[in-house]
Amino acid sequence: MKTFKTILALTLVCFSGVASANDYFPNYERIRPLGMGGAFTAVADSEDAAFYNPAGLNNLTAGRVTILNPTVEISKGSIKAIKDYGDVNTDNEVQIADFMKAHIGEPEHFRFQWTPGYARKNFAIYGLSNANLDARIRDRANPTADVVAVGDIGGQLSGAYGFKEGMVQVGGTVRLIHRWSVDKSYSSRDFLDNTFSFDNEAKTGTGLGGDLGVIVNLPWRFSPSVGLVVKDIASPKIGEALKNRQDVRFGVAAKQSFRIGTLKVAADVRRIGQNEDFWKKVYLGAEFAFQKYASVRTGLYQGYWSAGATLDLWIVKLAYATYAAEVGAFPGQVADRRHTAQLELGF
């Protein structure tokens, strides 16, 4: 939590992102599904299943211990803001206000995630460490940054089981987290106040949540599968901090093997039942995994293109993904292009 607060203190003034929200969808997104446009509910064939659809843990054929897997994600606008902020005198309110005016309306995002753990067939256990910051500046006459910042630390335990030789797979996850969150608006004057402290604005809490999922694998051509998962069942509260909102996801997937590798395609609909534009809930993706060492991906994340790749050297994995999240009311309104990189050490 100290690490997250330090990151927030160093970056909050120069980051500008989304308006405040009463609930929160946990951003435990993994880099492989991001490259596939976020479509993973019916794929779920790796340790990532523990974070998307625990039923997919029944697909694993070998165990993997993850020691380090730091993931850093930053938006395109935030990169530009950091560069511009280097010329700002942070003791001068006029310069801070001018900086904020120059970035009005730009969505900004930063995320750091580390999830060490172990996964094998039908079982996974992971530690959770996640810091997520979104903000967006408004009001040119009186520049104000609306900030949603969340830091989690905790762990989760997942299990799965297959029926009828894996044709039907079911799974569940139990998650315990301690959260530190800020959901507030800040003016340029707030950052100059000698009594200003993020701790004064933060709300904390500890909460228990869970996911339930199912995958049906059909014995047809192209090996189609259908998946359904309910994440954060019943929108569990986390003390006074932002609570997790229930997320119902439905997905379909298919695959075809070739001599040099395997092609997988998938489509998801997330947040079923939530009051959002339908096309903002749609995620489409594809992956081609070569027989050894490498895989490439592409897709449409809320209507915006995504891409990614992984170089797998067994003990060391290097991965990258880019995608754009829609922070407006409907696809095509306000895109937040993000870049994600990960170094994983495990065996």
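Do we find that Asn130 is touching a residue at least 24 places away in the same chain (Cβ under 8 Å) and closer than 14 Å to Arg30 by Cα in this structure?
So Asn130 passes the test.
Counting only residues that are in contact with a Leu (Cβ under 9 Å, 6 or more places away or on another chain) and of a type in the set (D, E, K, R), which one in the stretch 246-289 is farthest from Pro236 (Cα to Cα)?
Across the stretch 246-289, the extreme among qualifying residues is Lys255.
Tell me which residues, restricted to the stretch 251-301, are of a type in the set (S, T, N, Q) and buried (at least 18 other Cβ atoms within 10 Å of the Cβ). Please lay out each step first, then the result.
Of the stretch 251-301, the ones of a type in the set (S, T, N, Q) are 256-257, 262, 274-275, 291, 295, 298.
Selection gives Ser295 alone.
Scan the stretch 39-47 and give yes if some residue there is in contact with a strand residue (DSSP E or B) (Cβ under 7 Å, 6 or more places away or on another chain), among the hydrophobic types (A, V, I, L, M, F, W, C), under 30 Å from Asp190 (Cα atoms) and modelled with pLDDT of 95 or more, otherwise no.
No.
So Gly155 passes all but one of these: (1) over 18 Å from the mean Cα position of the chain (by Cα); (2) at pLDDT 95 or above. Which condition number does it fail?
(1) is the only condition that Gly155 fails.
Hey, which of the strands (runs of 3 or more DSSP E) in the stretch 53-134, taking only ones fully inside, have at least 3 residues that are more than 22 Å from Val43 (Cβ to Cβ)? Break it down into steps so the answer makes sense when it comes.
Values: elements: 64-68, 71-75, 108-114, 117-120.
Strands (runs of 3 or more DSSP E) meeting the threshold: 64-68, 71-75, 108-114.
Taking the stated definitions as given, is Gly17 modelled with pLDDT under 95 and either buried (at least 19 other Cβ atoms within 10 Å of the Cβ) or not polar (S, T, N, Q) (or both)?
The answer is yes for Gly17.
Under the condition of being in contact with a Leu (Cβ under 9 Å, 6 or more places away or on another chain) and not basic (Lys, Arg), which residue from the stretch 79-111 is surrounded by the most Cβ atoms within 10 Å (Cβ to Cβ)?
Here is the first cut: in the stretch 79-111, the ones in contact with a Leu (Cβ under 9 Å, 6 or more places away or on another chain) are 90-93, 96, 108-111.
Keeping just the survivors that are not basic (Lys, Arg) gives 90-93, 96, 108-110.
On the way: Thr90: 13, Asp91: 9, Asn92: 13, Glu93: 14, Ile96: 23, Glu108: 29, His109: 25, Phe110: 23.
So, considering only residues that are in contact with a Leu (Cβ under 9 Å, 6 or more places away or on another chain) and not basic (Lys, Arg), the one surrounded by the most Cβ atoms within 10 Å (Cβ to Cβ) is Glu108.
Exactly one of (1) among the β-branched types (Val, Ile, Thr); (2) more than 24 Å from the chain's Cα centre (by Cα); (3) exposed (fewer than 15 other Cβ atoms within 10 Å of the Cβ) is unmet by Val216. Its number?
All conditions pass for Val216, except number (3).
Select from the stretch 100-137 the residues that are basic (Lys, Arg) and out of contact with any strand residue (DSSP E or B) (no Cβ under 6 Å at 6 or more places or on another chain) and write down the one among them that is modelled with the lowest pLDDT.
For the stretch 100-137, the residue satisfying everything is Lys101.
Have a look at Ala324, Ala286, Ala294 and point out the one that is among the small types (Gly, Ala, Ser) and in contact with a Gly (Cβ under 7 Å, 6 or more places away or on another chain). Show your work before the answer.
On the way: Ala324 fails: in contact with a Gly (Cβ under 7 Å, 6 or more places away or on another chain); Ala294 fails: in contact with a Gly (Cβ under 7 Å, 6 or more places away or on another chain).
Selected residue: Ala286, the only one of Ala324, Ala286, Ala294 that is among the small types (Gly, Ala, Ser) and in contact with a Gly (Cβ under 7 Å, 6 or more places away or on another chain).
Only residues that are over 16 Å from Thr144 (Cα atoms) and charged (D, E, K, R): list them for the stretch 64-100, please.
Listed by number, the residues that qualify are Arg64, Glu73, Lys76, Lys80, Lys83, Asp84, Asp87, Asp91.
Going through Gly205, Gly213 one at a time, which residue ends up being touching a helix residue (DSSP H, G or I) at 6+ places or on another chain (Cβ under 8 Å) and not charged (D, E, K, R)?
From the options Gly205, Gly213, the qualifying one is Gly213.
Look through Ala341, Ala335 and report the one residue that is under 19 Å from the mean Cα position of the chain (by Cα) and closer than 15 Å to Glu29 by Cα.
Numbers: Ala335 fails: closer than 15 Å to Glu29 by Cα.
When all the criteria are applied, what remains is Ala341.
So, in the stretch 232-250, of the ones that are under 16 Å from the mean Cα position of the chain (by Cα) and free of Cβ contacts under 8 Å to residues at least 40 places away in the same chain, which residue ends up surrounded by the fewest Cβ atoms within 10 Å (Cβ to Cβ)?
Val248
The values are calculated or read from the model by the stated rules, or taken from the named source; none is laboratory data. If you're wondering where the values come from, they're calculated on a predicted model, not measured in any experiment. A quick note on method: Cβ atoms are made from the backbone with ideal geometry, for glycine too, and the neighbour counts reach across all protein chains shown.
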